[in-house]
Amino acid sequence: MVGKRIGVCLDAKVVAKIQVRSPGRTSFWQSAWRRVGVTGFTSAAPATGTRGGTIRDRSAEGAALKYRRTIAITLAACALSAAAQTVYESKDKTGPVFSDKPSPGAKPLQVEAPNVVSPPAVTPPAPTQPSAAPAYRKLLITRPANQDSVHSNDGAFGISAQLTPPLRANDRVRVLIDGNLVPTVFRSTNPRITPNDWQATALGDRGEHTLQLAVVDADGVPKIESPVVSFYLHRAAVGGKRR
């Protein structure tokens, strides 16, 4: 069987040896490589006048050796650290062998460090803080007005107030009658006092009383308070007499 060895580089990590046979016959390796799209093989023709009847294609063999040597050095360099390293080349029956460890008869080769560029560090943007809600600027009781009269037999009456800016969803309105906090918590600036609220807070049924509103947050902390107003509670007359 007559043939020669050619080194073929498939990628940066694989070096294959292919046996090419004499003309007129397709070797197993030729058929296999053609099935995967690798072509361009030529066969060595037997020549007369030489021992063994073959002439070795030294140019092809030299090119294959050069490819093998280049790929081996590249792979050895990739396996080393980023700093410049020394690679040692020795030879065996299959060709050159490269290692990062010295051995008898090995030839040192200086491999330059690869040019590695690190991407710039990216600083994540600082989380945006939610903007604070605008503070309340004004809270005034408009009904009852200061020194006004309220007519109620059981102490129930309505209150109206002006709040700027408007009441926020999580805030509440509290009412103080005669300096005492009404038990009911209101969600509007127009609360209505019930008879139970009046009985729990008012100091007496008739005469002069004080009224004040406050806006509080979810924890009950006051955000704004209205000025105190005074009013008079009057009951309806029964049989010509006021109750």
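Odds and ends about this structure:
- The set of residues from segment 199-242 being at pLDDT 95 or above, of a type in the set (Gly, Ala, Ser) and under 13 Å from Asp171 (Cβ atoms) comprises just one member, Ala214.
- When segment 130-172 is filtered for residues that are farther than 14 Å from Val215 by Cα, in a strand (DSSP E or B) and not hydrophobic (A, V, I, L, M, F, W, C), the ones remaining, listed by number, are Thr142, Arg143, Asp148, Ser149, His151, Gly158.
- Members of segment 178-201 that are more than 53 Å from the chain's Cα centre (by Cα), crowded, with 19+ Cβ neighbours inside 10 Å and either under 15 Å from Val150 (Cα atoms) or of a type in the set (Phe, Trp, Tyr) (or both): Trp198
- Arg168 under 41 Å from the mean Cα position of the chain (by Cα) and within 20 Å of Val221 (Cβ to Cβ): yes
- Residue identified as without any contact (Cβ under 8 Å) to a residue 12 or more places away in the chain, of a type outside the set (Val, Ile, Thr) and either outside the structural domain of Glu208 (by TED's automatic domain parsing) or loosely packed, with under 11 Cβ neighbours inside 10 Å (or both) among Pro108, Pro134, Pro120: Pro120
- Which listed residue is under 43 Å from the mean Cα position of the chain (by Cα) and not in a loop (DSSP other than H, G, I, E, B), from Val215, Val175: Val215
The values are calculated or read from the model by the stated rules, or taken from the named source; none is laboratory data. What you are looking at is a predicted structure, and each value in this text was computed from that prediction instead of being measured. Here the Cβ is made from the backbone with ideal geometry for all residues, glycine too, and neighbour counts use every protein chain on show.
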